1. Working carefully through the options A:Leu110, A:Leu72, A:Leu128, A:Leu157, find the one that is assigned to a helix (DSSP H, G or I) and within 25 Å of B:Leu14 (Cβ to Cβ).
2. Return the residue satisfying two criteria in turn: it lies in segment A:83-136 and is charged (D, E, K, R) and buried (at least 21 other Cβ atoms within 10 Å of the Cβ), and of such residues it is modelled with the highest pLDDT.
3. Which one is surrounded by the most Cβ atoms within 10 Å (Cβ to Cβ), of the residues in segment A:193-210 that are not in a helix (DSSP H, G or I) and not β-branched (Val, Ile, Thr)?
4. Scan segment A:207-233 residue by residue and report those that are touching a residue at least 60 places away in the same chain (Cβ under 8 Å), more than 9 Å from chain B (Cβ to nearest Cβ) and either of a type in the set (S, T, N, Q) or closer than 16 Å to A:Arg66 by Cα (or both).
5. Can you tell me which residue among B:Leu160, B:Leu188, B:Leu167 is surrounded by 15 or more Cβ atoms within 10 Å (Cβ to Cβ), in a helix (DSSP H, G or I) and assigned by TED's automatic domain parsing to the domain that holds B:Lys248?
6. Taking helices (runs of 4 or more DSSP H) that fall entirely within segment B:28-146, which contain at least 1 residues that are out of contact with any Leu (no Cβ under 8 Å at 6 or more places or on another chain) and under 18 Å from B:Leu186 (Cα atoms)?
7. Any chance you could count how many residues in segment A:130-147 are among the β-branched types (Val, Ile, Thr) and within 12 Å of another protein chain (Cβ to nearest Cβ)?
Amino acid sequence: MSTQRLATVLMGALPILFVLAIWQALCSFGFAPPSLLPPPGKVFLRLAQQLGSLGFLDDILATMIRLFAGFLIAVVLGVGIGLAAAVVPAINAVVRPLVQVLAPLPKVALYPALIILFGFDHASKITLVTLDALFPILLSTYYGASMVEQKLVWSALAAGTPRWQILFKVIAPAALPSILTGCRIGLVISCIVVFLAEMISSTDGLGHLLVGAARTFQTVDMFVPLITISLLGLMLNGLLYGLRKYLLRGFPEV
Amino acid sequence: MTSARNIIATLSPLLACLGLLAVWQVVALWLDTESFPTAWHALQTVPQILGDPEQLLNILDSIRRMVIGFSLAVLISIPLGLAMGRSARVSAFFNPLLMMIYPVPKAALMPIIMLWLGVGDASKTLVIFLGVSLPVIYHSFQGAKAVEEKMLWSGAAMGLNGLQRMLRIVLPAALPEILTGCRTGLVLALITMVTSEMIARQSGAGNILFNAMDMAQYDTVFAMIIIIGALGIVLDAAFDKLRWRLVKWAEPHQEILLGAS
């Protein structure tokens with residue numbers, strides 16, 4: 001079993017190493033001038049250097065504050081509205097058409113309006129992240145909750161659970177896998193959007209670093225924020241996966 | 001009874017639109033600043049933009065790039081996703097790499113890709129292609145993985161070879177899930193389209209939007225937001241119709257817009 005696991009891990013590492021090797025080869029055989037594609041060693045060295053500098057850590061912190069604030073607001077709103085819409089038909093009648101209209105809207109296009117309304121600081125970026133992460137979470141909560149078997153609700157009622165507790169004791173736990181799936185998609189989208197918002201208008205954050213480096217053609221510095229956001233996304237994804245494993249212990253399939 | 005319900009179902013998104021516009025109007029009147037025009041003003045600017053041949057051409061350019069990038073991504077991602085779903089080896093090979101690329105904002109690659117391919121169509125189409133392909137690969141992967149083993153066995157027993165089984169069993173069975181991925185991809189294509197044009201200010205809808213923003217032409221900004229938003233809603237609705245035709249037989253629970261891991 002463990003050798004099989006090892007083989008799977010090695011197999012997965014192959015294409016990543018392959019990409020790195022091609023990257024290195026392009027540089028060392030002179031196909032790409034270093035001003036257009038810096039060698040990977042240089043980029044990772046620069047990343048290590050930057051991680052030691054306070055300014056860079058400040059930028060990461062700014063990005064993470066926006067990311068977490070936006071994402072958490074989206075989780076609270078998405079799960080709340082999703083559950084409410086699944087349980088109360090009247091709320092459903094209002095929420096459904098609104099979601100139908102707002103979900104396919106490209107939210108980045110709203111960003112200029114958000115800047116005008118909320119200014120250039122944290123608020124406009126957090127709002128954009130919330131808007132973009134909200135709908136996947138809301139929709140999967142809604143479908144998860146409306147898919148709960150009626151029998152479960154009946155048995156809980158028969159066992160003497162008060163009506164108002166059904167939501168928290170039966171429906172929310174039963175919808176949990178679906179909710180967590182939605183959160184994962186919301187998280188990936190949050191990573192993407194916070195970076196874009198910082199690229200459009202910002203004075204700090206990883207996206208701002210990329211734009212600054214692009215304006216001065218510092219190619220090495222352009223790759224560093226990109227790799228950082230990718231690693232950040234991977235780490236958060238891993239954390240969420242761990243949380244999912246923990247919360248869903250005892251569920252038939254994770 | 002059913003027809004009345006149908007009418008309500010078709011009218012309700014329209015009512016939602018009107019409601020949102022009304023809220024906008026009220027907020028704008030209440031704030032009463034020049035930088036936040038009323039919904040009515042913005043709507044009046046829409047025909048001006050669409051009537052200007054240059055602007056219209058710009059927007060059509062955007063749509064062309066999006067269609068090309070989207071189609072290429074779908075054509076390549078579906079076979080890859082299906083192969084990953086049916087073969088543990090292929091999925092073990094590609095999965096970690098794809099997991100690493102997924103959280104990278106594709107439009108953020110724009111400045112780098114611009115250095116290689118220039119500011120023209122090629123780099124923007126490539127970025128849209130990258131943005132669309134990941135969700136499509138993922139959903140095709142999940143869809144193909146969930147196909148019942150028994151159906152494949154029956155197919156094999158009836159003499160279908162590997163390729164035929166892929167085309168006649170796995171593809172139709174995974175289709176609802178694949179289409180869910182395509183819908184997510186469509187939304188992402190629009191987002192990447194706008195942002196790529198925002199970064200490479202050369203042509204397109206995003207270019208008009210953010211140039212107007214920089215020049216403080218707020219009527220144009222909000223009119224462009226309406227146009228891009230309408231584009232998103234119309235494309236999504238059209239895609240939903242197509243999906244409905246293709247997978248009428250599947251249960252309606254597949255409508256999770258950005259769903260499935």
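The values are calculated or read from the model by the stated rules, or taken from the named source; none is laboratory data. Note that the structure is a prediction, hence the values are computed from the model and not measured. Counting neighbours? That spans all protein chains shown, and the Cβs are built from the backbone with ideal geometry, glycine included.
1. Numbers: A:Leu72 fails: within 25 Å of B:Leu14 (Cβ to Cβ); A:Leu128 fails: within 25 Å of B:Leu14 (Cβ to Cβ); A:Leu157 fails: within 25 Å of B:Leu14 (Cβ to Cβ).
Of the residues listed, the single one that is assigned to a helix (DSSP H, G or I) and within 25 Å of B:Leu14 (Cβ to Cβ) is A:Leu110.
2. Initial filter on segment A:83-136 (charged (D, E, K, R)): A:96, A:107, A:121, A:125, A:132.
Now narrow it down to the ones that are buried (at least 21 other Cβ atoms within 10 Å of the Cβ): A:107, A:125, A:132.
Working: A:Lys107: 83, A:Lys125: 91, A:Asp132: 88.
That would be A:Lys125.
3. Keep residues of segment A:193-210 that are not in a helix (DSSP H, G or I), which gives A:201-205.
Now restrict to residues that are not β-branched (Val, Ile, Thr): A:201-202, A:204-205.
Working: A:Ser201: 17, A:Ser202: 24, A:Asp204: 16, A:Gly205: 28.
Applying the filter and picking the extreme gives A:Gly205.
4. Selection gives A:His208, A:Leu209, A:Thr228.
5. Working: B:Leu160 fails: in a helix (DSSP H, G or I); B:Leu167 fails: surrounded by 15 or more Cβ atoms within 10 Å (Cβ to Cβ).
The conditions single out B:Leu188.
6. On the way: elements: B:39-51, B:53-86, B:88-101, B:110-117, B:121-145.
Where helices (runs of 4 or more DSSP H) fall fully within segment B:28-146 and carry at least 1 residues being out of contact with any Leu (no Cβ under 8 Å at 6 or more places or on another chain) and under 18 Å from B:Leu186 (Cα atoms), they are B:53-86, B:121-145.
7. As a first pass, look at segment A:130-147 and keep what is among the β-branched types (Val, Ile, Thr): A:130, A:137, A:141.
Imposing the further condition that a residue be within 12 Å of another protein chain (Cβ to nearest Cβ) reduces the set to A:137, A:141.
Summing the residues that are among the β-branched types (Val, Ile, Thr) and within 12 Å of another protein chain (Cβ to nearest Cβ) in segment A:130-147 gives 2.
Residues checked against (1) among the hydrophobic types (A, V, I, L, M, F, W, C); (2) under 23 Å from the mean Cα position of the chain (by Cα); (3) closer than 30 Å to B:Gln217 by Cβ; (4) modelled with pLDDT of 80 or more:
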residue: B:Ala22; (1), (2), (3), (4): yes, no, yes, yes
residue: B:Leu31; (1), (2), (3), (4): yes, no, yes, no
residue: B:Leu57; (1), (2), (3), (4): yes, yes, yes, yes
residue: B:Arg64; (1), (2), (3), (4): no, yes, yes, yes
residue: B:Leu75; (1), (2), (3), (4): yes, yes, no, yes
residue: B:Leu98; (1), (2), (3), (4): yes, yes, no, yes
